[in-house]
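Heads up: the structure comes next, in structure tokens.
The values are calculated or read from the model by the stated rules, or taken from the named source; none is laboratory data. Small disclaimer: the values here were computed from a predicted structure and weren't measured. Because the Cβ atoms are built from the backbone with ideal geometry, glycine has one as well, and the counts that use them run over all protein chains shown.
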Amino acid sequence: MDLREYSEEELLESGRDAIKRDQWQRATEFLTVYYERFSNRGESVPASGLASYALCLGHGPQYKRGLELCKKAQHADPRNPYIYWCLANLHLIGKARKEAIDAVERGLRAAPDNFILLRMRKKLGVRQPTPLPFLDRKHALNVRLGKWMHRLRGNAAA
């Protein structure tokens, strides 16, 4: 398969299709060629394509560079929910659950009815408010009361 014969749109579509199937090596191949085409011409990569490429880098040995590129894409197109989804996934790869939740929430502020972000928020779960909101979440009283309330009502929210 000679990737030079593909157009930019085909490279991006094939790369995203591989992302959907969790075929990270294949996605990285397509999206690297996509990224390099724009870079070689001295053009900036479209933000959505840059986020896809960054997600592939995050699944490889270049996590920090992937996170940096995804944040750059998010600043370039702050209304694109797909970029927030990529950013949240990168945070999850880096074991930063709180940052992933924040990215999903920011994305939902930009696009409140976006299906992939709503599904990700449900998967991540939403924290319940602290029993004593004037104290820090990690304060011993909040921790004990929270555990006690959780035992009383189970997993259902109050």
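Can you confirm whether residue 126 is of a type in the set (Val, Ile, Thr), modelled with pLDDT under 90 and under 19 Å from the mean Cα position of the chain (by Cα)? Can you show your working first?
Numbers: of a type in the set (Val, Ile, Thr): yes; modelled with pLDDT under 90: yes; under 19 Å from the mean Cα position of the chain (by Cα): yes.
Considered against the rule, which asks whether it is of a type in the set (Val, Ile, Thr), modelled with pLDDT under 90 and under 19 Å from the mean Cα position of the chain (by Cα), residue 126 comes out as yes.
Check 75, 59, 91 and return the single one that is assigned by TED's automatic domain parsing to the domain that holds residue 118 and in contact with a Lys or Arg (Cβ under 9 Å, 6 or more places away or on another chain). Lay out the reasoning, then the answer.
Details: 75 fails: in contact with a Lys or Arg (Cβ under 9 Å, 6 or more places away or on another chain); 59 fails: in contact with a Lys or Arg (Cβ under 9 Å, 6 or more places away or on another chain).
After applying the criteria, what remains is 91.
Just need a number here: residues in segment 1-33 that are outside any helix (DSSP H, G or I) and over 20 Å from residue 87 (Cβ atoms). Even if it seems obvious, please write down each step before you answer.
First pass over segment 1-33, keeping only residues outside any helix (DSSP H, G or I): 1-2, 6-7, 21-23.
Pick out the ones that are also over 20 Å from residue 87 (Cβ atoms) and you get 1-2, 6-7, 21, 23.
Residues meeting the conditions: 6.
So is residue 49 small (Gly, Ala, Ser), closer than 21 Å to residue 115 by Cα and in contact with a Leu (Cβ under 7 Å, 6 or more places away or on another chain) or not? Explain how you work it out, then say what you get.
Details: small (Gly, Ala, Ser): yes; closer than 21 Å to residue 115 by Cα: yes; in contact with a Leu (Cβ under 7 Å, 6 or more places away or on another chain): yes.
In short, yes.
Just one of (1) assigned to a helix (DSSP H, G or I); (2) at pLDDT below 95; (3) of a type in the set (A, V, I, L, M, F, W, C) trips up residue 157, so point out which.
The failed condition is (1).
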